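Read the figures in this text as sums done on the coordinates, not as results from a lab. Here the structure is a predicted model, which is why all the values come from computation and not from measurement. Neighbour counts are summed over all protein chains in view; Cβ atoms, including those assigned to glycine, are modelled from backbone coordinates with ideal geometry.
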Amino acid sequence: MTSMPPEDHNNGKKPLPEPFRELFKSMNDFFTEKPVRGFLQSIDDFFKTPFPVGSGFHVETVETGNDYLITAELPGVKKEQIHLNISGNYVTISVENKELETEEDDINKTFRQRFTRHQSSRTITLPHTINEKMVKASYRDGLLQIRIPQEKGKLIDIED
């Protein structure tokens, strides 16, 4: 009968042969080192939230008896940042935010500027071509409302 000393540091598992131990240690070190770990963390973060927070906005379209009412929730957005585009039977709402950040440090004699631009857009499809001259839009308290009259086609009688 052979007696082996207890192996508390490996939780009862057999130690890896020396060449494999070094290989696994090298791989572990590679994936936990700063550049690779940062890269892998950024991939994980992307798949957790593939679209940045605030990149989209809620849009609702309601068909009333006479028109379509499109409502977009845009809290904190200024009227000048909103652009509406009508093409055929599509309405596109775009919101663009541009910011210029400037930092000056007189002690270290550094100057830094950072320009950021965020853009979001939503396109709504309607069942008929839109007459842009009849469209009315208003923006108040973070709520954009677009009213588009429904086009009434000519009803054709079918003969016997």
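For the stretch 92-160, taking Cα atoms only, Rg and Dmax work out to 24.0, 92 Å respectively.
Within 14 Å, Cβ to Cβ, of His118, how many net charges do the neighbouring residues add up to if Lys/Arg are +1 and Asp/Glu are -1? Could the numbers behind the result be given before it?
On the way: positive: Lys78, Lys98, Arg114, Arg117; negative: Glu96, Glu99, Glu101.
Net charge around His118: +1.
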